[in-house]
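Below you'll find the structure, written out as structure tokens, and then a few comments.
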Amino acid sequence: MSEEPKSYAGSAVQEPLDTRALDATRHGEDTREFEAFLRGRIVGQDAAIEAVTELYQMFLVGMSAPDRPVGNLLFLGPTGSGKTYVVEVVAEALFGNPHAFIKVDCAEFQEHHEISKLIGSPPGYIGHLHTPPLLTQESLAKYHTEKLKLSLILFDEIEKASEALWQLLLGILDKASLTLGDNSHVDLSQCMIFMTSNLGATEMSSLAEGGLGFAARAPAVDASLDEKISRTATEAARRKFSPEFMNRLDKVVVFKTLRPEQLAQVLELELAKVQQRITRAVGQNHFTFRCAPEVKQWLLQEGTDPKYGARHLKRVIEKNIVYALANLVATKQVASGDCIEITLKPDGGLAFRKAPVVVSRESAAE
Amino acid sequence: MKKILVVDNDEMLCRLACDILHTEGYRAVPVTNAADAMAAFEQEDFDLVVTDLGMPGMHGVELARAVQQKQPGLPVIVMTSYGEVECEHVKLWLPKEYLFPRLLEKIRSCLAEGEAEKVAK
């Protein structure tokens, strides 16, 4: 008769191993907060949110690839779809300041010699040691906090960059290292690098004509069109950019043209921002405003179009709502605690009037 | 970034105007009386002053005179609900009726003139 197997732990019955399935898609608490912040402010660009969130999660747990930037992201898409805005929102989420990133406008670096604006003049050249480089270890650390040592760099419209900037960019994306004009080294391994480009925008617009934008379509068609647009943009990028460059990217995100319901959400966000600005600017003396549905429709008509997306929306709100409210304040037609109702005049302009004060039964009884 | 001092005892307008100027790319400093305006000039120079006319204590024209003694040639725009007064120290009068966007246009042109004068010198 064979003996019962003995447990080395001294127990006859061995506890089963913990073999529960793990959920590798879940994010940590900080990342979930970060993602929620982005989702609350970015409309219709889920792929961009997911790409940035993944990289941020990797950075937080210290699993970003060593000796490389934290992430190299290429944003492609039509103008007014929010490519630069995403970077601003990321900066706001991380540092509380939408301008807390270094922006390199590649259109300003179209000539070979202009690279010295970025890295300083090399020795022997006039201006050496007198041309402060844009990318330095100090400028990268400018927005660092005690808790977060991460820098954001945006190379805007990279298709306009000169060959010299391309060579520089390849080094940065691959080795996270940059040598300045004075031979000092800049470490970019704590940087998230964003690049934007409008490449393929014309082809995307022609694909979208009659489909995306203001025309209503069936969801199934939407999905296939999105796929086509995404492929068109990526192919345009592959045609323009070298394989060395494309291979250094962690993710290529194609921004979608915003649809009418998404533009309406953008409008709501922008109007909420105006109210926040009023509250912040005038403190306790603030007043509120609300727009009638036809006003919102009018603002959307004036501020958005399929070609330029929501690019002009802020400007239209500023000119038609903010300036008008400021004029009302200047002429003392608005006082603290007022609520301004904005409606559309029959001739198309906006009409402003004070909303009637609603007195609750309780306060009336007092 | 151009620096603009905005002086108005109506705090709501003062702050809102600064917020709009900030959105337009200027650094705008709000103060609600002339004494604070003069104190601000002790600390830094400005490229332009936008002031209300009627304020308790020192009014807008007196302020224009005082700041130009400190910084000769500084453009001063006076916002008014009343009317204009002949005064060499005031570059421009702007009625508070329909203040925006005219204020922005005038600020732009005043600053551009100032730049052109600097280049000419």
Could you list, in sequence order, all residues of segment B:72-105 that are more than 14 Å from chain A (Cβ to nearest Cβ), over 11 Å from the mean Cα position of the chain (by Cα) and surrounded by 13 or more Cβ atoms within 10 Å (Cβ to Cβ)?
-> B:Glu84, B:Val85, B:Cys87, B:His89
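Looking only at segment A:96-118, filter to residues that are assigned to a loop (DSSP other than H, G, I, E, B) and modelled with pLDDT of 90 or more; which one of those is nearest to A:Leu178 (Cα to Cα)?
A:Phe101
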When you scan segment A:61-82, how many residues do you find that are without any contact (Cβ under 8 Å) to a residue 60 or more places away in the chain and among the β-branched types (Val, Ile, Thr)?
-> 1
Considering only segment A:260-305, state which residues are within 25 Å of A:Ser224 (Cβ to Cβ) and surrounded by fewer than 21 Cβ atoms within 10 Å (Cβ to Cβ).
-> A:Pro260, A:Glu261, A:Gln262, A:Ala264, A:Gln265, A:Asp305
Can you tell me which residues in segment B:5-22 are closer than 16 Å to B:Pro101 by Cα, of a type in the set (Val, Ile, Thr) and more than 7 Å from every other protein chain (Cβ to nearest Cβ)?
-> B:Val6
Could you say whether any residue in segment A:264-279 is touching a residue at least 60 places away in the same chain (Cβ under 8 Å) and polar (S, T, N, Q)?
-> yes
Qualifying residue in segment B:23-46 (condition: hydrophobic (A, V, I, L, M, F, W, C), within 12 Å of chain A (Cβ to nearest Cβ) and closer than 17 Å to A:Lys332 by Cβ) | no
Enumeration of residues in segment A:51-78 that are buried (at least 16 other Cβ atoms within 10 Å of the Cβ) and assigned to a loop (DSSP other than H, G, I, E, B) | A:Ser64, A:Arg68, A:Pro69, A:Val70, A:Gly77, A:Pro78
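Taking the condition in contact (Cβ under 8 Å) with a residue 12 or more places away in the chain, hydrophobic (A, V, I, L, M, F, W, C), touching a helix residue (DSSP H, G or I) at 6+ places or on another chain (Cβ under 6 Å) and surrounded by 14 or more Cβ atoms within 10 Å (Cβ to Cβ), does B:Leu63 pass?
yes
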Are there any pairs with C-beta distances below 7 angstrom linking a residue in segment B:24-35 that is touching a residue at least 40 places away in the same chain (Cβ under 8 Å) to a residue that is of a type outside the set (Gly, Ala, Ser) and assigned to a strand (DSSP E or B), with the two at least 6 apart or on different chains, and if so which?
-> B:Tyr26/B:Ile4
Looking at (1) without any contact (Cβ under 8 Å) to a residue 40 or more places away in the chain; (2) surrounded by fewer than 19 Cβ atoms within 10 Å (Cβ to Cβ); (3) within 18 Å of B:Ile107 (Cβ to Cβ), find the lone condition where B:Glu11 falls short.
-> (3)
Options A:Ser81, A:Ser121, A:Ser162: the member that is in contact with a Gly (Cβ under 6 Å, 6 or more places away or on another chain), modelled with pLDDT under 95, crowded, with 16+ Cβ neighbours inside 10 Å and within 30 Å of A:Tyr308 (Cα to Cα) | A:Ser81
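Each row is one residue, and each column tells you yes or no for (1) among the hydroxyl-bearing types (Ser, Thr, Tyr); (2) closer than 25 Å to A:Leu134 by Cβ.
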position: A:Arg26; (1), (2): no, no
position: A:Thr31; (1), (2): yes, no
position: A:Val43; (1), (2): no, no
position: A:Asp46; (1), (2): no, no
position: A:Ile49; (1), (2): no, no
position: A:Tyr56; (1), (2): yes, yes
position: A:Ser81; (1), (2): yes, no
position: A:Ala107; (1), (2): no, yes
Residue list for segment A:135-183, filter: more than 24 Å from A:Ser197 (Cα to Cα), in a loop (DSSP other than H, G, I, E, B) and not small (Gly, Ala, Ser) = A:Thr136, A:Lys142, A:Tyr143, A:His144, A:Thr145, A:Glu146, A:Lys147, A:Leu148, A:Lys149, A:Leu180, A:Asp182, A:Asn183
Would you check which residues across segment A:306-332 are surrounded by fewer than 16 Cβ atoms within 10 Å (Cβ to Cβ) and touching a Lys or Arg at 6+ places or on another chain (Cβ under 8 Å) and list them?
-> A:Thr331
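The values are calculated or read from the model by the stated rules, or taken from the named source; none is laboratory data. Keep in mind that what you see is a predicted model, and the values were worked out from it rather than measured. Every residue, glycine as well, gets a Cβ built from its backbone with ideal geometry; the counts of neighbours run over all protein chains shown.
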